[in-house]
Amino acid sequence: MIAEAAGVVVHGCRAYATPHLGRLRVRAAFECTVSGRLASWGDASRALVPLVERLLGVGRLAVAELRSEGLARGFYVVNKAWLRGAGVEVEVRLVTLGDGRPLVMAGALREGLEPPPGWSRELGSHIEGPLAPAKPLARPRALQTAVPSPAVYIAEGEAPEHPGSLRVVAPEGVVRVEVADLLERAEWLELEFHCVTGWSLGRRRWLAVRLRDLVKLPGTCWLLAVSSSGYSASIPCSVADEVYLALGYEGSRLARERGGPVRLLAPPLFGWKHVKWLAELRVTAGYVDGYWEALGYHERGLVDMEERFKVRNPELETVGI
Ligand SMILES: Nc1nc2c(c(=O)[nH]1)N[C@H]1C(S)=C(S)[C@@H](COP(=O)(O)O)O[C@H]1N2
Ligand SMILES: [Mo]
């Protein structure tokens, strides 16, 4: 145990440099193995500050802002704290179940230090790697609500320019795919969409091309999908049959705010994986965190396994709920 704060026990943490997320101001990310039960986020966040200072190797930090948000019918709560010091800004997120049991503590160093590539730091001994084999935490899809139209999310602030083509970087080489060529091959398909916050679009018509029809993929791999602004998400190749490049929605070309001219769609995975303004797809052997994965969201994100957040709580892993 390396810290205890308002009922939350922190067993171990790892922090690492994230050069590929730098364009969206994630200089370094961290995550911690946690257990216990959160009593008060205000008390916990203040008491965790020295731990975050030690982990990231920064000077004195103070809590500048606190917020807690329930999502997916309140089954999960995302507790956020923004810590600030001399030129340093750190975002801390403690994700709990509605009853206070923590899943993971994660966060980002957003401003201040530029850790050199390869920089990493660990505290404590109990540090889980990626993909803890958690059981589904709730009945799959029971927490989703169907909505008539989507909410639009743009983590980068505003819709970026798109070069009109995308690069697929695979072990056999780099393939450039023109949006114009995709439009010629695309067909209207009925696909579902599930956002991690709890809303779902049922079957809607998307103008799309199946990724499998464009590139050959190895049996086991990961895809890192990257937008023209640097937003990214990791996608397991196990769902490659259901990964699409989408160019239209409900009879029209994809609106710019919805990711036009081309976005990714992967209906078996929660919506943050569906990278808009898709500019690059990197086929890799190993997993790396994309933008939201670095902030505690699940490596795989399977809707049918209720994989919304990383599970680093060893008690939830073994007990199941
Ligand atoms: N480039 C980029 N792609 C993104 C996002 C983003 O912020 N930037 N948000 C994701 C999230 S969280 C969701 S739920 C969907 C939302 O798609 P929509 O804006 O078309 O509703 O886009 C995903 N793709
Ligand atoms: Mo989302």
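The values are calculated or read from the model by the stated rules, or taken from the named source; none is laboratory data. Keep in mind it's a predicted model, so treat the numbers as computed, not measured. Here Cβ is always computed from backbone atoms with ideal geometry, including for glycine, and neighbour counts include all displayed protein chains. Note: areas computed on protein heavy atoms with side chains; ligands, DNA, RNA excluded. Shrake-Rupley method; radii C 1.70, N 1.55, O 1.52, S 1.80 Å.
Per-structure values
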| read-out | value |
| --- | --- |
| The range 166-214 - residue that is within 16 Å of ligand 2 (Cβ to nearest atom) and outside any strand (DSSP E or B) and, of those, nearest to R300 (Cα to Cα) | V196 |
| Residue list for the range 1-38, filter: over 13 Å from P115 (Cβ atoms) and among the small types (G, A, S) | A3, A5, A6, G7, G12, S35, G36 |
| Matching residues in the range 240-259 - criterion: being touching a residue at least 12 places away in the same chain (Cβ under 8 Å), open to solvent by 10 Å² or more (accessible area, probe 1.4 Å) and over 12 Å from V209 (Cα atoms) | Y249, E250, G251, R253, L254, R256, E257, R258 |
| Residue satisfying condition, being under 22 Å from the mean Cα position of the chain (by Cα), over 22 Å from G198 (Cβ atoms) and outside any strand (DSSP E or B), within set L55, L51 | L55 |
| Residue within the range 264-271 that is free of Cβ contacts under 8 Å to residues at least 40 places away in the same chain, open to solvent by less than 30 Å² (accessible area, probe 1.4 Å), more than 15 Å from ligand 2 (Cβ to nearest atom) and among the aliphatic types (A, V, I, L, M) present | no |
| Any hit, the range 189-208, residues being within 9 Å of ligand 1 (Cβ to nearest atom) and surrounded by fewer than 16 Cβ atoms within 10 Å (Cβ to Cβ) | no |
| Only listed residue being away from ligand 2 (no atom under 16 Å from the Cβ), in contact with a strand residue (DSSP E or B) (Cβ under 7 Å, 6 or more places away or on another chain) and either touching a residue at least 40 places away in the same chain (Cβ under 8 Å) or acidic (D, E) (or both), chosen from A108, A146 | A108 |
| Residues of the range 292-304 that turn out to be within 15 Å of ligand 1 (Cβ to nearest atom) and assigned to a loop (DSSP other than H, G, I, E, B), as a count | 4 |
| Condition met for A72 (surrounded by 15 or more Cβ atoms within 10 Å (Cβ to Cβ) and touching a strand residue (DSSP E or B) at 6+ places or on another chain (Cβ under 6 Å)) | no |
| Entirely in the range 88-147, the strands (runs of 3 or more DSSP E) that have 3 or more residues that are surrounded by 18 or more Cβ atoms within 10 Å (Cβ to Cβ) and in contact with a Leu (Cβ under 9 Å, 6 or more places away or on another chain) | 88-97, 102-111 |
